[in-house]
Amino acid sequence: MQSLSWDDWARLDATGLAALVRAGQVAPCAVLAQAAAAIARLEPTLDAVLEVFADVLDNPDTDRPDSAGLLYGVPMLLKDIGSTLAGRRQEVGSRLMRGNVASVTDPAVANFLAAGLVPIGRSTTPEFGMALDTTTDYLGRVKSTRNPYNPAYSAGGSSGGSSAMVAAGALPVGMANDGGGSIRLPAACNGLVGLKASRGRVPRPLNSSEFITRFSMEGVVTRSVRDTAAIFETLTRIPPGGSFIAMGPPRRSYLAAIAEAPRPLRIAVSTGHWGQPSPPDPEVVARTEAVAAALAALGHGIEPVADTAICDWPQLWFAYRSFWIARNLSLYDLARSRGVADADMPSVFGPLVWKHVDVSRRATIADLFRSMDANNTVTRQFGAFLADYDILLTPTLAIRTPLANGPYSLLRTDIELDDYVTLLAGACRYMMPHNETGLPGLSIPAGLDSDGLPIGVQLTATFGAEDVLLQLAAQLERSCPQLTPRSPLIHVTTV
């Protein structure tokens with residue numbers, strides 16, 4: 001069987017590609033070979049992939065994807081942090097972990113395989129996922145993942161590698177995870193769909209739990225709402241004993257939900273400061289208002305809301321920043337366990353990661369308990385707010401896409417840690433509260449800015465209501481195709 005034309009390849013999402021495999025119109029080996037060829041075409045410009053698994057190209061069933069899975073034969077990239085695949089390297093963007101090989105397949109990756117997805121390689125991430133820019137130097141050179149809409153700009157982070165390759169048409173799905181916006185943020189920067197599910201909805205890696213790591217969530221970036229829905233049909237399977245939070249199964253099939261139009265929804269809209277000193281970028285606000293107008297035209301009720309109606313912002317940012325700093329004590333322990341002496345740590349970690357680790361050693365148990373008390377307050381406040389609304393609409397990112405290896409790079413040596421964390425919080429103000437509270441958030445495309453770079457908006461629903469988010473996003477995708485940006489400058493059909 002021959003490969004597809006590049007135009008057909010770029011047109012197909014994961015659902016469409018899997019349908020061709022099931023029908024016998026294209027073989028899995030041919031699909032994987034074409035994905036590898038696409039990566040090879042794009043990698044010199046995008047700098048987004050760490051390796052392609054040669055043994056999988058020879059045999060798509062090497063890692064035992066389920067041939068009966070809904071998406072069998074569809075290639076995906078594994079992000080180089082988070083859930084692991086046994087026998088594959090995971091280096092988390094850090095020289096501390098250079099050459100590390102995973103010994104277990106974590107439940108989320110097992111779910112990808114159960115869906116029939118075929119991991120074919122690793123995508124880039126900033127060191128330990130701590131940045132909204134995907135730039136590292138642990139390989140002996142600066143590897144700076146670029147935005148396919150304009151390579152001078154960042155692909156976002158920390159799932160920048162997956163997002164750049166999916167947006168550029170190399171393959172339809174990339175693994176992502178989100179501890180402060182790292183699914184939603186690069187989705188916004190690259191014109192993709194990115195769902196950060198409710199805390200407890202997707203299984204955590206085997207070495208963690210929602211209690212130990214309340215921030216982060218596994219997921220994917222895709223080019224279509226139906227692909228996200230299809231993957232989450234399987235991704236939400238929790239093995240017995242595999243969650244600190246007993247969420248139970250989703251309320252209904254996500255694919256069934258997106259096949260129906262939602263009832264008229266009550267939608268709150270906020271584009272305010274959210275406890276940060278500077279306002280969001282005016283173009284980001286304008287795109288959010290345009291989506292609000294589109295939703296009103298579809299029959300939904302739109303209500304602008306004041307920031308003060310949502311939560312106690314000083315409490316929220318205290319909780320998030322305190323836990324963000326304290327959790328990095330685990331990196332100090334990791335380095336010690338790998339035989340690194342204290343005096344050598346500044347050279348093992350990157351400059352800003354080392355500052356995180358160094359400050360974390362001064363965190364106390366009292367700091368942790370104060371953070372948990374504040375978390376309790378703001379989580380209940382968000383819950384009470386969303387009891388009155390079906391959806392909260394905000395920008396995804398408060399800024400427009402930044403330059404690659406620019407102000408948000410972890411390689412900076414000219415900024416103090418507190419200033420850097422303040423910079424991150426200002427940009428990610430609409431996303432980080434979801435990591436703190438456990439709420440679900442979905443970033444969807446909202447058109448382009450004046451520089452031709454994508455802007456995303458975020459839909460938020462109450463706890464466990466991912467079906468409502470996907471249903472509304474599918475309605476927008478069908479009704480407002482102008483919100484989905486054109487193919488980027490750097491694309492598999494043009495390179």
Hits for the chain under the membrane-span-like helix rule (DSSP H, Cα axial span at least 24 Å, Kyte-Doolittle mean at least -1.0) are 28-46, 365-386
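By average Cβ neighbour count within 10 Å, what is the ranking of 10-16, 219-225, 479-485 from highest down?
Result, highest mean first: 219-225, 10-16, 479-485.
Rank-order 139-146, 20-27, 175-182, 456-463 by packing density, defined as the average count of other C-beta atoms within 10 Å over each peptide's residues, highest first.
My ranking of the peptides, most packed first, is 175-182, 456-463, 139-146, 20-27.
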Over all viewing directions the Cα convex hull of the chain casts an average projected area in nm² of 20.7
Env charge @ Thr228, Cβ radius under 14 Å, K,R +1 / D,E -1, value -3
For the stretch 329-395, the Cα-Cα pair-distance distribution in 5 Å bins from 0, as whole percents, is 3, 13, 16, 13, 10, 10, 11, 11, 7, 4, 1
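Give the peptides 313-321, 193-201 in descending order of average Cβ contacts within 10 Å, highest first. Each step should come with its number before you reach the end.
Numbers: 313-321: 20.3, 193-201: 28.1.
By packing density, highest mean first, the sequence is 193-201, 313-321.
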In the chain, taking the dipole from +1 charges on Lys and Arg beta carbons and -1 charges on Asp and Glu beta carbons about the Cα centre, the listed residue (Ser270, Ala114, Gly194) farthest towards the positive end is Ala114
From the Cα centre of the stretch 313-361 to that of the stretch 142-167, the distance in Å is 25
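Express the relative contact order of the stretch 185-254 as a whole percentage, based on alpha carbon pairs under 8 Å and six or more residues apart in sequence.
Details: 85 pairs, mean separation 27.2, N = 70.
The value is 39 percent.
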Expressed as a whole-number percentage, the relative contact order of the chain with C-alpha contacts under 8 angstrom and at least six residues apart is 19
Lys and Arg at +1, Asp and Glu at -1: neighbours of Asp467 with Cβ under 12 Å from its Cβ sum to -1
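Just so you know, all these numbers are worked out from the coordinates, no wet-lab data involved. On a predicted model such as this, the values are computed, not experimentally measured, just so you know. Heads up, the Cβs are rebuilt from the backbone with ideal geometry, glycines too, and the neighbour counts pull from every protein chain shown.
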